[in-house]
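*Asks:* Sharing a structure with you now.
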Amino acid sequence: MSDVVVAGAYGGPEVLSVIDEAVAEPGPGQVRIAVRAAGVNPFDQKVYSGVFGTDPANLPLRLGAEAAGVVIAVGAQASGPAGPVEVGDEVIAYRASGAYAAELVVPASSVVPKPAGLSWEEAGGLMAAGATAVHVLEAIGVGKDDAVLIHGAAGGVGLMAVQLAVARGATVLATASPAKHDLLRDLGAIPIAYGPGLADRVRAAAPEGVHAAADLVGTDEAVDVSVELVADRSRIATIAGFARGAQAGIKLLGGSPGADPGTDVRAAARLQLTEAVEAGRLRVLIAGSYPLREAAAAHRQIMTGHTSGKIVLLP
Ligand SMILES: NC(=O)c1ccc[n+]([C@@H]2O[C@H](COP(=O)([O-])OP(=O)(O)OC[C@H]3O[C@@H](n4cnc5c(N)ncnc54)[C@H](OP(=O)(O)O)[C@@H]3O)[C@@H](O)[C@H]2O)c1
């Protein structure tokens, strides 16, 4: 049996509870993991709040997409992107449907080795935001000669994108509230306050122009300022401002209708991310960690929209 977080109805964090559920034996190509940390992402909240529909037939909903833990059982032919998976392996699972749980059965193809230097919290929060950041930087082709504008740079995805763009040698213009500017400067970016006058502040910080832009927050301002400053719309992407982004003719990335899900890029990103962590090019910044039973509190924190880094649940 395993503790599992479920949403018993559509609504706010109050609909979340923990139930005790049987865990299946892993079948061929599957592994069972004792979860040490599960990443919390805004997507999880969108699911039970009803953004993607409120079909009662889908209740109760399991939540979560990423986890780190120890393999406790394997089925036949359990092999992942880094090779065979064995009992006792410390791993990160992504995508891992229903990851808010103490134990989890996932396809072995979802599992990569956890870098030894990464804590459980860091490992639990690496993949969903990290793979999204890799997808964004690939989609807008960020390279060493670019100045790239990253909106929402202090968020879970933003902090990954900033570090990965800096590692590519780009000049990174990073929007955030002033309280986050020291952190962004430490990561190698040029911090810029969002809000009225943003385009002028970016021009002043990058007098030679901006080559690419990523909206990682979903505001009209992020899309509009990107379009104003970047000449080539194929070098602007959004992961959250889909209506405005579609009107502007920029790239839409993720699971929304009409967006590029980047399935292969995100799957390939997993080993790139663990390698970047091992090489010291990427840190996972933790904004908060909560016991699994306090998932609702974790969600109240992420719903502020102003956390910096990853929130994780600890079974
Ligand atoms: N399409 C996809 O594949 C995909 C994947 C992952 C996430 N997402 C979506 O992308 C968004 C970000 O995800 P996340 O995990 O990074 O969320 P998050 O960690 O909750 O992001 C919070 C950050 O947003 C910043 N922010 C808030 N208002 C802002 C504004 N007006 N301008 C610039 N920055 C602002 C905050 O900075 P301050 O505290 O400084 O205000 C805070 O650091 C969410 O909507 C999420 O659902 C989409």
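Just so you know, all these numbers are worked out from the coordinates, no wet-lab data involved. Since the structure is predicted, the reported quantities are computational estimates derived from the model, not experimental observations. Please note: Cβ atoms are built from the backbone with ideal geometry, for glycine as well, and neighbour counts cover all protein chains shown.
*Asks:* Over the chain, what is the relative contact order in percent, taking alpha-carbon pairs closer than 8 angstrom and at least six residues apart?
*Replies:* On the way: 764 pairs, mean separation 59.5, N = 315.
For the chain, the relative contact order is 19 percent.
*Asks:* Still on this structure, I have one more. Against the globular-protein guess of 2.2 N^0.38 Å, express the Cα radius of gyration of segment 88-194 as a ratio, rounded to two decimals. Display every interim value, and only then the final one.
*Replies:* On the way: Rg = 15.7 Å, N = 107, 2.2 N^0.38 = 13.0 Å.
Dividing the Cα Rg of segment 88-194 by 2.2 N^0.38 Å gives 1.21.
*Asks:* Let me ask something else. Please quote Rg/Rh for the chain to two decimal places, taking the Kirkwood radius as Rh and restricting both calculations to Cα atoms.
*Replies:* Here Rg/Rh amounts to 0.98.
*Asks:* In addition: In degrees from 0 to 90, rounded to the nearest 10, what is the angle of the helix 220-229 Cα long axis to the longest principal axis of the chain?
*Replies:* It is inclined by approximately 50 degrees.
*Asks:* Hey, another quick one. Return the FRET efficiency for the residue pair Leu271, Met1: r is the Cβ-Cβ distance, R0 is 22 Å, and the value is rounded to the nearest 0.05.
*Replies:* E between Leu271 and Met1, to the nearest 0.05, is 0.10.
*Asks:* Give me the net charge for the shell around Ile286: Cβ to Cβ below 11 angstrom, other residues only, Lys and Arg +1, Asp and Glu -1.
*Replies:* My count for the surroundings of Ile286 gives 0.
*Asks:* How many angstrom lie between the C-alpha centres of segment 190-242 and segment 251-315?
*Replies:* If we compute the Cα centre of each part, the gap is 22 Å.
*Asks:* Tell me the Kirkwood hydrodynamic radius of segment 128-252 in angstroms, computed as one over the mean inverse distance between distinct C-alpha pairs.
*Replies:* 13.7 Å
*Asks:* Let me ask something additional. Each residue of segment 13-23 in order: what ³J(HN,Hα) in whole Hz does its phi give by Karplus 6.51 cos²θ - 1.76 cosθ + 1.60, θ = phi - 60°, with x for Gly and Pro?
*Replies:* For segment 13-23, the Karplus-derived couplings read x, 5, 7, 7, 8, 10, 10, 9, 10, 5, 10 Hz, x marking Gly and Pro.
*Asks:* Now for a different question. Roughly what angle does helix 263-278 make with the longest principal axis of the chain, taking Cα atoms, 0 to 90 degrees, to the nearest 10?
*Replies:* Helix 263-278 sits at roughly 90 degrees to that axis.
*Asks:* Going by how many other beta carbons lie within 10 Å of each one, how would you line up Phe43, Phe52, fewest first?
*Replies:* Ranking Phe43, Phe52 by Cβ neighbours within 10 Å, fewest first, gives Phe52, Phe43.
*Asks:* Further, regarding this structure: Run down the lysines and flag those whose C-alpha is under 17 Å from the C-alpha of Lys180, throwing out any fewer than 8 positions away in its chain.
*Replies:* Lys180 reaches Lys310.
*Asks:* Using the Cβ atoms and a cut-off under 14 Å, what net charge is assigned to the surroundings of Ala139, where Lys and Arg are +1 and Asp and Glu are -1?
*Replies:* It works out to a net charge of -1.
*Asks:* Determine the distance separating the Cα centre of segment 39-74 from the Cα centre of segment 77-152; give it in Å without decimals.
*Replies:* Segment 39-74 and segment 77-152 have Cα centres spaced 16 Å from each other.
*Asks:* Same structure again: What ranking of Asp89, Asp55 emerges when the number of other C-beta atoms within 10 Å of each C-beta is taken as an exposure proxy, fewest first?
*Replies:* Asp55, Asp89
*Asks:* Based on DSSP H runs of at least 4 residues, each adding -39500 (n - 2.57), what is the mean residue ellipticity at 222 nm of the chain after dividing by all its residues, to the nearest 500 deg cm²/dmol?
*Replies:* -9000 deg cm²/dmol
*Asks:* OK, next. Sorted from fewest to most neighbouring beta carbons within 10 Å, what does the list Met1, Met127, Met160, Met303 look like?
*Replies:* Met1, Met303, Met127, Met160
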